[in-house]
Amino acid sequence: MEVLSTQHLLKAAYDPENFRNIGHQLIDLLSDHLSQAQTASKDKVLNYRSPEKELEFWKEHFQSSQLNPVDTFKAILLHSIHIQDPRYMGHQTATVAPMASLAGLMSDLLNNGTGVFEMGPASNALEKLVTDLLSTYVGYDNRASGILTSGGTLANLTALLAARKAKSNHDVWQDGHKNKLAVIVSEEAHYCIDRAARIMGFGDDGIIKVPVDADFKIKTGMLEYYYNQAISKGLEVIAVVGCACSTATGSYDDLEGLASFSKKHNLWFHVDGAHGGAAVFSEKYKYLLKGIEQADSIVIDFHKMLMTPSLTTALLFKEGKNVYKTFAQKAQYLWDSPQSEDWFNSGKRTFECTKLMMSIKVYTILKTYGVEIFEQNVNQLYDATKDFANMVSERPNFDLLIQPEANILNFRYVACKLDQDINAVNSVIRQQLIESGDFYIVQTTVNDQKYLRCSIMNPFTNKDHFKTLLNEIENIGNLL
Ligand SMILES: *Cc1c(COP(=O)(O)O)cnc(C)c1O
């Protein structure tokens, strides 16, 4: 009896007609959601609930008797933040091209693990195609090679592991640490660089944070000072990391300056272009990345400005052949020869063993719309942010932190009453705004001051949205 019912359940779970039927309903649901989001939707960007309330909802949902997955999908949609809504201007998450999400569905059903060639012939070949294409856009020659990996955080760690392999006086991979190693970064670098260095055992001393100028770019003129200080402390500096651009303010470091400093001291030069590296596709904005082609390694997230579902990150190496040494381990059950340089076994070079079929999502965008869609997206987002900055500057109630280079804008409401604390006021404004569900923005702390922070990620976010947002902030501020 029990055996029979189990078989019944398994049959239902894998029933093709059931999949077709529910799948069509899901596509209808998501298409309606897209259409709503794009047409001045009355829906909230985020139905804000406290974490406890949210958990309570799902515990009750789990107890309820409904079994149709479409009802569950509807509940998930209602309880998710709507990135496709142009009033979403929060963290730097791609507004996914819907075709790429269909490729994501293929990845989830086919479930090709991709780490070894046979576990993803298409996804392995397309990984090479996609990373080779990106390599030409950053200005690398045919010695370059790249991988796709699960996020900028992991890609930055992988790059620093390669840097250690290439530059350290000892084989740390083989023998463990003998010297105290260090990397030089800007104090505005993404926290994952700091985390990567700590994971690698560098400790506090091993993360040398160089101050930034008024535009939040690394003070290139101070590199020499910090380098000498490290050497006199007995540290072995292996790498310099440039931000292109920084996460908090969207500032691009002077990559040419960093490149010549790295060359002079024989250091690995890594560029964290997780967010702003996408500008390599833009004739108009690629000047921001001048010098990127001199980097030994570069990280670019497709899931930030390149319209691809998370996580899809490219890690590129100028000298592709070095990279096979990063994770030189024996895994006889996976590979005949762990030392050979076969591009088609991507797991040799990635942290992951199994990974998503990331390349098919990027390829679907490229093949459907052409590479120029990336340029259009970057230009649209960067141009819109400049419009937004001008609108903020024109209003005396606001203070703009800096003119934006990218699609990240920081500003704050300054028309406070005498007894009000400007930081508290801006925090309350942000909280009320996201609870209203009319917009989603975030906040950041710069020089101990709270700023409202927007990333313009959606190509349909326009001046009307900016105007309504600024009006709404003024209204909230006025009533406080
Ligand atoms: C987003 C970001 C990261 C982290 O990338 P994930 O893909 O979120 O892991 C690293 N560096 C910069 C500059 C970023 O903007």
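Is the shape of region 1-125 best called rounded, prolate or oblate, per the rule: a/c under 1.5 gives rounded, else a/b larger than b/c gives prolate, else oblate, with a ≥ b ≥ c the square roots of the Cα gyration tensor eigenvalues? It comes out oblate by the Cα gyration axes.
Dipole magnitude of region 1-132 about its Cα centre, charges +1 at Lys/Arg Cβ and -1 at Asp/Glu Cβ only, in debye to the nearest 20? Please list the in-between numbers first.
On the way: 10 positive and 16 negative charges, 71 e Å.
In debye, rounded to 20, region 1-132 gives about 340.
In straight-distance terms, cross-link reach from residue 417 covers every one of the aspartates and glutamates whose alpha-carbon lies under 19 Å from its own, apart from those fewer than eight places away in the same chain; here that gives 399, 472, 474. Along the axis of the charge dipole computed for the chain (Cβ charges of +1 for Lys and Arg, -1 for Asp and Glu, origin at the Cα centre), the listed residues 299, 72, 203 are led at the positive end by 203.
DSSP loop (so not H, G, I, E, B), at most 15 other Cβ within 10 Å: list which trypsin sites (Lys or Arg not before Pro) in region 96-177 pass both filters. All intermediate terms of the calculation are to be shown ahead of the outcome.
On the way: sites: 128, 143, 164, 165, 167; in loops: 143.
Here the sparse-neighbourhood loop sites are 143.
Under 5 Å between amide hydrogens, built in the peptide plane, is the criterion, and for residue 446 it picks out 451 among residues at least 5 positions away or on other chains. Placing unit charges on each Cβ (+1 for Lys and Arg, -1 for Asp and Glu) gives region 103-228 a dipole about its Cα centre, and among 162, 151, 135 the Cα reaching farthest toward its positive end belongs to 162.
Run through region 399-480 and list the trypsin sites (Lys or Arg not before Pro) located in a DSSP loop whose Cβ has at most 13 other Cβ atoms within 10 Å.
Numbers: sites: 412, 417, 430, 450, 453, 463, 467; in loops: 417.
When the trypsin sites (Lys or Arg not before Pro) of region 399-480 are filtered for loop state and at most 13 Cβ neighbours within 10 Å, 417 remain.
Pairs of Cα atoms in region 300-399 fall into 5 Å distance bins, from 0 up to the last occupied one, in shares of 2, 10, 15, 14, 13, 12, 10, 7, 6, 4, 3, 2, 1, 0 percent. Can you give the longest run of the chain that contains no GluC sites (Glu not before Pro) sitting in a DSSP loop with at most 11 other Cβ atoms inside 10 Å? Between exposed loop sites, the widest span is 1-282. Across the accessible surface of region 312-453, with the other protein chains kept in place and a 1.4 Å probe, carbon and sulfur atoms take up 48 percent.
Projecting the Cα atoms of 309, 328, 282 onto the charge dipole of region 274-418 (Cβ charges, centred on the Cα centre) puts 328 farthest toward the positive pole.
Cross-link list 44/463; 178/348; 128/325: which exceed 23 angstrom alpha carbon to alpha carbon?
Details: 44/463 19 Å; 178/348 26 Å; 128/325 18 Å.
Long pairs (Cα-Cα over 23 Å): 178/348.
Accessible surface of residue 343, taken over heavy atoms with a 1.4 Å probe and every protein chain present, rounds to 90 Å².
Once you sort the root eigenvalues of the Cα gyration tensor of region 236-309 as a ≥ b ≥ c, which label holds: rounded (a/c under 1.5), prolate (a/b larger than b/c) or oblate (the other case)?
Numbers: a/c = 2.17, a/b = 1.75, b/c = 1.24.
Prolate, because a/c is 1.5 or more and a/b exceeds b/c.
With all protein chains in place and a 1.4 Å probe, the accessible surface of region 125-215 carries 46 percent carbon and sulfur.
Roll a 1.4 Å probe over the protein chains and send me the accessible area per residue for region 345-468 in Å².
On the way: 5130 Å² over 124 residues.
Solvent-accessible surface per residue comes out at 41 Å².
For region 147-281, the solvent-accessible area with a 1.4 angstrom probe is 36 square angstrom per residue.
Just the accessible area per residue of region 26-146, please: how many Å² with a 1.4 Å probe?
Numbers: 6910 Å² over 121 residues.
Value returned for region 26-146: 57 Å² of accessible area per residue.
With just the Cα atoms defining each centre, how far is region 109-175 from region 368-400? Give it in Å. Each part's Cα centre sits 31 Å from the other's.
Pairs of Cα atoms under 8 Å, at least six residues apart: use those to get the relative contact order of the chain, whole percent. Present the calculation step by step, with values, prior to reporting the outcome.
On the way: 852 pairs, mean separation 100.3, N = 480.
Averaging sequence separation for qualifying contacts and normalising by length gives 21 percent for the chain.
Pairs over the 27 Å Cα-Cα cut-off, from the set 167/284; 286/361; 219/355: 167/284; 219/355. Apply the a/c threshold of 1.5 to the C-alpha gyration tensor of the chain and tell me whether it is rounded, prolate or oblate. It comes out oblate by the Cα gyration axes.
Here the chain is treated with +1 on each Lys and Arg Cβ and -1 on each Asp and Glu Cβ, and its dipole about the Cα centre works out to around 740 debye.
Basic side chains Lys and Arg get +1 at the Cβ, acidic Asp and Glu get -1 at the Cβ, and with that the dipole of region 98-201 about its Cα centre reaches some 420 debye.
The values are calculated or read from the model by the stated rules, or taken from the named source; none is laboratory data. Computed from a prediction, not measured in an experiment: that's the story for all the values here. Methodologically, a virtual Cβ is constructed for each residue, glycine included, from the backbone with ideal geometry; neighbour enumeration extends over all protein chains shown. For the accessible areas, the whole protein counts, side chains as well, though only heavy atoms, and no ligand, DNA or RNA atoms are used. Shrake-Rupley method; radii C 1.70, N 1.55, O 1.52, S 1.80 Å.
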